[in-house]
């Protein structure tokens, strides 16, 4: 687009916010928001058989110094902001939630460069028991909203292809719905996401909190969680539930129509579970 020049810093990271008409902005150069954008590009690269998309996605991937975001060698700590080719002081966060996407890209960059990586794996993430259900968490071991379980691991290669991921999503659905039943007594009114509050501000609620966010984020979380809930007894989640039907039946006789994939090859979730990070 004429007049548009995206604002990036020396190591290739993008700003969190920028003007859609000029590409300029005043916000920080964010590691996680850069990672989310690149993950979206790679998802498209691996889904659509289009040489132009693959070329642009590859160029975007290669233009960023991913390892610069590491705050310790195993990736338990990550830098949130990079400015002028260097991590900004006092912007370190712990690995979990969406920052797992950043770690996933750093791991892949290391594997491409050296053939090995010491970053912690999906299997190494903390887990805890909540009333008999095993949930993913971080060191705080608190009842996070479903958004923090669904979103980052579904979009990471290692998380999405791990068979335990579907089990953790199901467990999250059980815990979330169980907590919601205690507040409202209605089995179909559940699913706690992250989003903008009616009075302003952003929040990712714990599922144990009575305050329930209203907005698209809840419904998106719940769509996938309900789909996996329906498939609790299914050994082939992607085939029989997400890809195999035009309509799935949810609790309380609700129905949600999904775009049906013509084959497993066409289903993004299944494609992300392939053995290779890259689709040729």
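Kindly indicate whether any position in the stretch 31-40 is more than 19 Å from residue 82 (Cα to Cα) and part of a helix (DSSP H, G or I). Yes, the conditions are met somewhere in the stretch 31-40. Set side by side, the residues 75, 12, 23 differ, and just one is on the phi > 0 side of the Ramachandran plot, in contact (Cβ under 8 Å) with a residue 12 or more places away in the chain and within 19 Å of the chain's Cα centre (by Cα), which is 75.
Is it the case that residue 43 is farther than 20 Å from residue 156 by Cα, under 21 Å from the mean Cα position of the chain (by Cα) and at pLDDT below 95? It is false that residue 43 is farther than 20 Å from residue 156 by Cα, under 21 Å from the mean Cα position of the chain (by Cα) and at pLDDT below 95. Looking across the stretch 128-151, just one residue is modelled with pLDDT of 85 or more and closer than 22 Å to residue 108 by Cβ, and that is 136. So is residue 142 over 27 Å from residue 45 (Cα atoms), in contact (Cβ under 8 Å) with a residue 24 or more places away in the chain and outside any helix (DSSP H, G or I) or not? Judged against the criteria, residue 142 is a match. Among the residues of the stretch 72-85, write down those that are buried (at least 19 other Cβ atoms within 10 Å of the Cβ) and over 26 Å from residue 144 (Cβ atoms). Of everything in the stretch 72-85, just one residue is buried (at least 19 other Cβ atoms within 10 Å of the Cβ) and over 26 Å from residue 144 (Cβ atoms), namely 82.
So that you can scan it fast, the table gives a plain yes or no per residue for (1) surrounded by fewer than 17 Cβ atoms within 10 Å (Cβ to Cβ); (2) in contact (Cβ under 8 Å) with a residue 60 or more places away in the chain; (3) within 25 Å of residue 44 (Cα to Cα):
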residue: 62; (1), (2), (3): yes, no, yes
residue: 70; (1), (2), (3): no, no, no
residue: 87; (1), (2), (3): no, no, no
residue: 113; (1), (2), (3): yes, no, yes
residue: 122; (1), (2), (3): no, no, yes
residue: 131; (1), (2), (3): yes, no, no
residue: 157; (1), (2), (3): no, yes, yes
residue: 169; (1), (2), (3): no, no, yes
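Does residue 96 satisfy the condition of being in contact (Cβ under 8 Å) with a residue 24 or more places away in the chain, within 14 Å of the chain's Cα centre (by Cα), in a helix (DSSP H, G or I) and surrounded by 16 or more Cβ atoms within 10 Å (Cβ to Cβ)? Criteria not met by residue 96. Among residues that are under 16 Å from residue 38 (Cα atoms), in contact with a strand residue (DSSP E or B) (Cβ under 8 Å, 6 or more places away or on another chain) and outside any loop (DSSP other than H, G, I, E, B), residue 103 is included.
Would you check if residue 24 is outside any loop (DSSP other than H, G, I, E, B), out of contact with any helix residue (DSSP H, G or I) (no Cβ under 7 Å at 6 or more places or on another chain) and more than 21 Å from residue 93 (Cβ to Cβ)? No; evaluated as a whole, the condition is false for this residue. Regarding residue 64, is this residue part of a loop (DSSP other than H, G, I, E, B) and at pLDDT 95 or above? Yes, satisfied.
The values are calculated or read from the model by the stated rules, or taken from the named source; none is laboratory data. The shown structure was predicted, so the numbers you read here are calculated from the model rather than taken from an experiment. Counting neighbours? That spans all protein chains shown, and the Cβs are built from the backbone with ideal geometry, glycine included.
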